[in-house]
Amino acid sequence: MSRDVSLGPSQLTVPESAGQPTPVIFLEPVARRAVRRSLDILARLVIQLGGTGVILSILAIFIFLVLEVAPLFFSPTAKETGRYESGAFVQGLPQSALTGLDEQQEIGFTISTERISFYALPSGRVLKQEFNDALIPATATAVARAQGKGERFGLGTADGRILPFTIDFRSSFESGNRVITPSVVAGVAFQADPRKKKIVRLAYQATEAGPIVAVLTDEGRLWLSAARSSLRPDGTPSSVPEVTSLELTGRIAETVTALAMDSRAENLSVGTAGGHLYHFDVREITQPILIGNATVASGAAVRVLSYLIGDRALVVGTETGNVSVWMPVPLSSESNVTKLESIHRFAAHPAPITAISPSQRDKGFITGDAGGNIFVHYSTSEQTLIRIPGDGTPIQSLMFAPKANGALALDGNGRQRAYAINNPHPEITLATLFRPVWYEGYDRPAHVWQSSGASDDFEPKFGLTPLIFGTLKGTIYALLLAVPLAVLAAIYTSMFMHPDLRAKIKPVIEIMAALPTVVLGFLAGLWMAPLLERIFPAVIGMVVVVPISVVVASLIWQFVPRGVRNRLRPGAEFLLLIPVIAGAMAFCISQNLWIESLMFGANYKEWLASTFGLRYDQRNALVVGFAMGFAIIPIIFSISEEALSNVPKNLIAGSLALGATRWQTLARLVFISASPGIFSALMIGFGRAVGETMIVLMATGNTPIMDWSLFNGFRTLSANIAVEIPEAPHAGTLYRTLFLAALLLFVVTFVLNTGAEVIRQRLRRKYSQF
């Protein structure tokens with residue numbers, strides 16, 4: 001006989017067997033299963049979307065960095081914007097005409113031995129003309145532009161005189177439109193050649209005391225003259241300047257073919273027909289000093305000379321079309337004696353060089369030749385950036401726009417050619433970023449990062465190699481401290497420490513990872529660095545005394561009666577080492593002066609300097625190693641301990657049951673099985689150290705030098721970004737170079753993490769048998 005039992009919607013009705021209880025089977029309702037499936041699908045979608053979002057975010061960051069960096073490596077361009085007649089015809093002399101333009105590139109001008117003409121750009125419409133007869137009652141024979149900013153000129157005459165004059169551009173606004181008005185302001189003429197011979201070439205410079213000029217006459221004589229304002233007996237300025245002249249012809253054995261004077265009128269460079277270069281110090285007009293000479297190109301005449309902004313580097317153009325930059329180079333880093341040396345060479349022209357115009361903003365310059373070709377160069381990077389082919393007509397004069405974004409060329413037929421130049425980042429090449437560069441003032445090529453200076457003529461130095469070196473240096477020293485401590489602590493915690501103690505100590509160590517790095521950097525820079533400087537001999541003593549104390553204490557512990565040792569929980573012996581280590585450290589600190597006297601001759605800084613040539617800086621790599629090592633210990637410890645603890649307990653128990661000791665089990669089973677996790681911990685710790693910013697920023701001197709010494713500072717890529725980015729002009733070279741540093745960090749971290757994951761998976765498959 002059977003009876004029905006109502007089991008509800010989630011139960012089944014089954015017949016009851018005679019004498020036996022009725023079995024009840026619970027089944028999940030269809031609606032609940034559907035809800036669970038829906039939740040599972042939703043969770044899977046959320047996880048997939050989250051993972052996809054992370055990947056897309058990383059990809060977006062990468063693309064953004066690439067877009068910011070890419071313009072650094074775009075090729076510069078030049079476009080002709082106008083061509084017209086200027087009326088400035090060549091008179092058969094090497095310096096018979098010049099060209100120029102205002103800062104806004106709205107007005108151009110030409111200066112010939114006959115007239116000064118102003119015209120609108122880019123139309124070429126003549127605005128006004130000034131005839132030289134109205135400026136000076138003599139035949140003009142040569143003209144020269146002063147080096148540096150400002151439109152200052154000297155006009156040489158057939159009777160050996162020089163007329164200084166300036167071209168001024170004044171801006172005004174009429175009906176909301178800017179109007180630029182040019183004008184010519186003439187100075188007082190003076191007799192540069194006492195023999196009153198025709199001037200065929202000159203180098204001119206205006207100073208606060210008066211103009212200084214070097215002139216070459218048609219007789220082949222070279223004169224150095226300076227005009228100084230004189231006073232009448234009543235104390236009023238005289239209209240006739242006092243002129244001092246000195247002949248330099250006897251000091252140069254060849255025919256002079258080129259002259260150049262720097263913007264401070266302190267140095268005069270002379271090129272000769274034999275390809276030689278003479279360098280004079282002319283700060284004392286009455287006693288010029290020949291401080292060096294060099295052979296530029298044997299047998300090939302030097303045609304044109306021009307100083308770059310800053311007055312250190314001299315551009316030399318020769319008859320064979322060669323272009324090079326020369327500089328007085330110190331014989332050594334500590335020597336004041338210099339020699340002329342070629343530091344950069346550029347692409348050669350197919351014809352003799354006829355004109356050079358330096359940039360007024362950076363170390364760039366343009367050159368023109370007898371075939372009408374125009375090249376744009378940049379000194380620091382030693383690159384010829386743009387090549388504009390000519391039409392066979394010689395270039396008479398060139399003018400690099402004041403903002404380095406345009407150029408004017410005057411050819412031998414009096415035609416003007418105007419160009420728009422787009423060259424925003426001429427300093428950057430792969431060579432200037434990662435290879436040694438010969439900078440002005442250095443005695444050899446060097447890796448240097450120095451993005452700004454105190455003057456406009458500063459030469460930017462964007463070498464990333466010192467920053468990459470500093471990043472590796474700080475990371476390596478931090479890992480040298482963190483890896484042994486973190487991994488050994490993880491081994492002891494997982495294998496030897498009592499579980500109750502491990503449950504308390506592990507969270508405490510992991511909490512250390514939550515400490516803000518800015519706090520650690522603050523403590524390291526303002527507390528640890530001065531303290532370490534005072535007790536450095538004691539720290540060296542600790543390296544020896546603390547390990548010996550631990551070994552001795554461990555040996556003594558072995559002789560303690562077993563009954564006493566058993567009172568401690570297994571793995572709690574480390575608590576007894578805390579006072580031992582603290583006592584050893586206190587002993588070393590108390591004997592700091594004695595240790596210094598014993599090991600370092602009473603002054604460790606002088607001993608390091610005299611013995612190893614090392615300088616001890618207060619904020620150095622040792623401080624960063626301690627502080628950054630302390631910051632990454634919790635990460636490496638936590639991941640390593642988890643990897644060791646996740647080794648199956650039955651494997652450990654089986655090893656111990658077969659007679660292996662804990663150390664044997666650790667070395668031959670646990671450590672090998674946990675090696676993928678430990679490797680991941682090391683790589684994550686490495687990535688954490690590479691990207692650290694605040695500790696390095698506050699605990700080092702932020703000096704971008706390449707030296708493995710523990711006792712000096714360094715600068716990392718991340719710290720450099722933090723220091724420089726607030727002052728970097730948007731879209732400027734520094735701005736984009738900092739983004740390049742960020743891209744390097746991104747790529748290095750990605751590659752390391754990817755490689756680490758690949759290795760971890762291989763290790764996991766290899767040792768999965770454990």
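The values are calculated or read from the model by the stated rules, or taken from the named source; none is laboratory data. On a predicted model such as this, the values are computed, not experimentally measured, just so you know. Note: ideal-geometry Cβ built from the backbone for every residue, glycine included; neighbour counts use all protein chains shown. Keep in mind that these areas ignore ligands, DNA and RNA; they rest on the heavy atoms of the full protein, side chains included. Shrake-Rupley method; radii C 1.70, N 1.55, O 1.52, S 1.80 Å.
Work out the charge dipole of the chain with +1 on the Cβ of Lys and Arg and -1 on the Cβ of Asp and Glu about the Cα centre, then indicate which of Asn650, Pro499, Val126 is farthest towards its positive end.
The Cα lying farthest towards the positive end belongs to Asn650.
Could you pull out every residue, at least 5 positions away or on a different chain, whose amide H is within less than 5 Å of the one on Leu127? Hs are placed 1.01 Å off N in the peptide plane, and Pro or chain starts have none.
Under 5 Å from the amide H of Leu127 lie the amide H atoms of Phe118, Tyr119, Ala120, each far enough along the sequence or on another chain.
For the stretch 682-770, what is the largest minus smallest coordinate of the Cα atoms on each principal axis, given in angstrom and ordered from greatest to least?
Principal axes ranked by extent give 56, 36, 20 Å for the Cα atoms.
From the convex hull of the Cα coordinates of the stretch 486-557, what is the mean projected area in square nanometres?
Hull-based average projected area comes out at 6.8 nm².
Under a Cβ-only charge scheme (Lys and Arg +1, Asp and Glu -1), can you give me the dipole magnitude of the stretch 591-744 about the Cα centre, in debye to the nearest 20?
Computed about the Cα centre, the dipole is about 400 debye.
Helices from the chain with mean Kyte-Doolittle at least -0.5 and a Cα length along the axis of 20 Å or more, per DSSP H: which?
Membrane-span-like by this rule: 30-69, 465-495, 536-558, 574-590, 621-645, 675-690, 733-766.
Would you work out which of Leu98, Phe750, Thr367 lies farthest towards the positive end of the dipole of the chain, given +1 charges on the beta-carbon of Lys and Arg and -1 on that of Asp and Glu, about the Cα centre?
Positive-most Cα among the choices belongs to Phe750.
If the reach is capped at under 14 angstrom between alpha carbons, list the aspartates and glutamates near Lys363, excluding any in the same chain fewer than eight residues apart.
Asp311, Glu382, Glu427, Glu440, Asp456, Asp457, Glu459
R0 = 35 Å: FRET efficiency of Asn646 with Val519, Cβ-based, nearest 0.05?
0.60
Compute from the Cα atoms of the chain the Rg and the Dmax, the latter being the longest Cα-Cα distance, and quote both in angstrom.
39.4, 150
Computed FRET efficiency, Cβ-Cβ of Leu49 and Thr81, R0 30 Å: what is it to the nearest 0.05?
0.05
Calculate one ³J(HN,Hα) per residue across the stretch 313-324 by plugging θ = phi - 60° into the Karplus curve 6.51 cos²θ - 1.76 cosθ + 1.60, and present them in order as whole Hz with x for glycine and proline.
Along the stretch 313-324, the couplings run 9, 10, 8, 10, x, 10, 5, 8, x, 6, 10, 8 Hz.
With +1 on each Lys and Arg Cβ and -1 on each Asp and Glu Cβ, how big is the dipole of the chain about its Cα centre, in debye rounded to the nearest 20?
Roughly 3040 debye for the chain.
A 28 angstrom limit on the alpha carbon distance is what I want to check against. Which of Lys149/Lys461; Lys473/Lys649; Lys506/Lys649; Lys403/Lys461 exceed it?
Distance filter (> 28 Å) returns Lys473/Lys649.
Taking R0 as 51 Å, what's the FRET efficiency between Phe574 and Thr338 from their Cβ-Cβ distance, rounded to 0.05?
The computed FRET efficiency comes out at 0.20.
Applying a 10 Å radius around every beta-carbon, put 68-76, 215-223 in order of their mean neighbour count, most first.
Most protected by this proxy first, the peptides run 215-223, 68-76.
Could you pull out the chymotrypsin sites (Phe, Trp or Tyr not before Pro) across the stretch 520-599 that fall in loop regions by DSSP (anything but H, G, I, E, B) with no more than 10 other Cβ atoms inside 10 Å?
Phe559
May I ask you to derive the relative contact order of the chain, considering only C-alpha pairs under 8 Å and at least 6 residues apart, and to give it as an integer percent?
Averaging sequence separation for qualifying contacts and normalising by length gives 9 percent for the chain.
Mind giving me the nanometre distance, one decimal, between the label points for Ile548 and Leu614, set 7 Å out from Cα along Cα→Cβ?
Taking the two extended label points, one gets 2.1 nm.
With N set to the residue count of the stretch 250-290, report its C-alpha Rg divided by 2.2 N^0.38 Å to two decimal places.
1.14
With a 1.4 Å probe and all protein chains left in place, how much accessible area per residue does the stretch 458-527 have, in Å²?
44
222 nm [θ] for the chain, helices only, -39500 (n - 2.57) per DSSP H run of 4+, per residue, to 500?
Result for the chain: -11500 deg cm²/dmol, rounded to the nearest 500.
Please calculate the 1.4 Å probe accessible area of Ser680, with all protein chains present, and give it to the nearest 10 Å².
The accessible area comes out at roughly 20 Å².
Using all alpha carbons of the stretch 283-338, what is the percent of pairwise distances in each 10 Å bin, ordered from the shortest bin to the longest?
Using 10 Å bins, I get a P(r) of 19, 41, 33, 6 for the stretch 283-338.
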